[in-house]
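Notes to accompany the following structure.
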Amino acid sequence: MLVGMGATMLCKWCRRSFGCILIIAVSLCSSGCWDRKELEERHFVLAVAIDRADQGVGPGEGQDTSGVESFVQPYGSKRYRLSFQIMDLVPTQSSMSSSPGSQGPHGKMRTYVISSTGESLFEILRDMLGQVSQGLWFEHVQTIVISEAVVRQGGLQPIIDFFRRDKEMRWLTKILITSGQARSLLEYQPPSGEASGIFMSKILQNYGKNPHIAGWHTDMVDTAKAFDNNSRVLVSRVELLDDVIKVGGMALFIGGEFIGYVDEYATQGGKFLSGIEKSAIITVECPEHPGKMIAFELFHQDTQLKPHVDKEKIYYTLDITMTGNLGEMQCGQLHDTMDTDEIHKLEDLVAVEVKHNVLYAFHTYQRLQVDADNFSGKLKAYEPLVWEKVKDHWDDKTFPAISLDVSVKVVIENIGEHK
């Protein structure tokens with residue numbers, strides 16, 4: 001009897017011991033710190049620039065196939081110069097003596113730029129590991145800047161393909177195009193002290209209040225969707241001139257092919273046409289006092305775009321209703337803004353300007369043969385049989401020939417703090 005009880009207790013002790021050992025083993029294997037790496041030991045890439053290889057790394061410089069920004073390439077040619085803006089987290093003597101909480105000397109974020117040339121962007125990336133002491137991390141890439149020269153050389157799709165496939169790339173990364181050298185934008189030091197990659201990304205976030213910035217449908221995710229659907233691609237434009245960065249306007253692509261630029265005025269009109277603009281300043285000149293400007297501040301917009309078919313003719317009607325405030329009136333002392341008739345005159349002036357702006361954008365798209373505001377989608381939804389007849393030659397024949405009838409109603413709800 002006692003022997004049986006002893007055996008039972010020994011068995012229970014063995015099971016408990018085995019359970020404890022198993023828990024300890026699992027805890028050791030699942031520990032979250034086994035591969036810990038300090039921030040200073042990681043190279044965070046903040047921005048990417050892509051140029052033609054023969055654009056060089058400075059004004060007037062040509063392709064350097066014998067320097068460090070090259071490697072022996074068994075196939076293809078040297079087409080691309082890939083550049084990375086890397087955050088420098090290694091403390092220096094000057095940064096340690098700077099004020100607490102600063103990003104570096106004088107509060108500036110320290111970055112540096114490395115480049116290499118080749119044809120496969122993935123191969124170029126791996127070759128660039130010969131220029132850094134740690135691996136490259138892409139989870140914090142804010143912007144990808146592409147030069148106009150490189151997209152004219154081979155299109156946008158081969159450039160974007162790598163970034164679409166790599167799992168470290170974030171789908172909300174902003175894409176921009178520049179007529180100059182893309183690398184120079186990475187080397188630019190904003191007056192705010194931020195890295196230029198972060199600086200440009202934050203500028204694009206102002207699209208809600210700046211109608212000149214094409215901030216909608218310009219992320220990596222929208223670009224990927226557009227390629228998958230064989231649709232047009234919109235890319236925000238950025239320029240660097242005299243040590244000043246400016247984002248405004250956009251570039252249009254069809255099938256990855258660069259079509260052309262759309263200026264700031266057409267970008268604004270396109271956003272009115274699409275009904276996505278919710279906050280904008282619309283200016284008109286006072287007809288009674290030339291040279292004196294009147295500014296309307298948009299608060300809300302309703303837009304209805306509808307296709308119509310009259311025998312063989314396709315046309316669209318666009319109805320826009322805008323509400324907002326009178327934001328500025330340089331000839332205000334010469335007008336009684338408390339008078340209802342005066343306000344109605346101002347509303348009509350703004351309505352005429354909005355109509356002109358929308359038609360300017362519409363005709364710009366027709367000239368470029370790019371349906372940037374999805375007129376085809378409306379026709380497919382409302383007139384599917386007609387769409388089947390014209391879909392094969394929509395961009396080059398049908399869309400450039402359609403007409404647009406625009407009707408705009410503007411309501412001024414407030415005239416500001418002072419009449």
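Throughout, read-outs are computed from the coordinates displayed, never taken from laboratory work. This is a predicted model, so every value here is computed, not measured. Here the Cβ is made from the backbone with ideal geometry for all residues, glycine too, and neighbour counts use every protein chain on show.
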If you average the alpha carbon positions of the range 218-248 and of the range 292-316, how far apart do those two centres end up, in angstrom?
25 Å
Non-local Lys pairs in the range 267-414, i.e. 8 or more apart or on different chains, that have alpha carbons under 14 Å apart
12
For the range 267-414, with only Lys/Arg (+1) and Asp/Glu (-1) charged at the beta-carbon, what is the dipole magnitude about the Cα centre, in debye rounded to 20?
720 debye
Would you compute the Debye intensity of the range 313-407 from its alpha-carbon atoms alone, equal scatterers and no solvent, and pass along log10 I(q)/I(0) at q = 0.11, 0.13, 0.16 Å⁻¹ to two decimals?
-0.48, -0.59, -0.74
Net +/- balance of residues flanking residue 305 in space, Cβ distance below 11 Å, scoring K and R +1, D and E -1
-1
Count the DSSP beta bridges whose two residues both fall in the range 267-414, then state the antiparallel fraction as a percent rounded to the nearest 5.
65 percent
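What are the GluC sites (Glu not before Pro) within the range 311-411 that DSSP puts in a loop, where the Cβ has at most 15 other Cβ atoms within 10 Å?
312
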Rg/Rh ratio calculated on Cα atoms of the range 226-336 (Kirkwood radius):
1.08
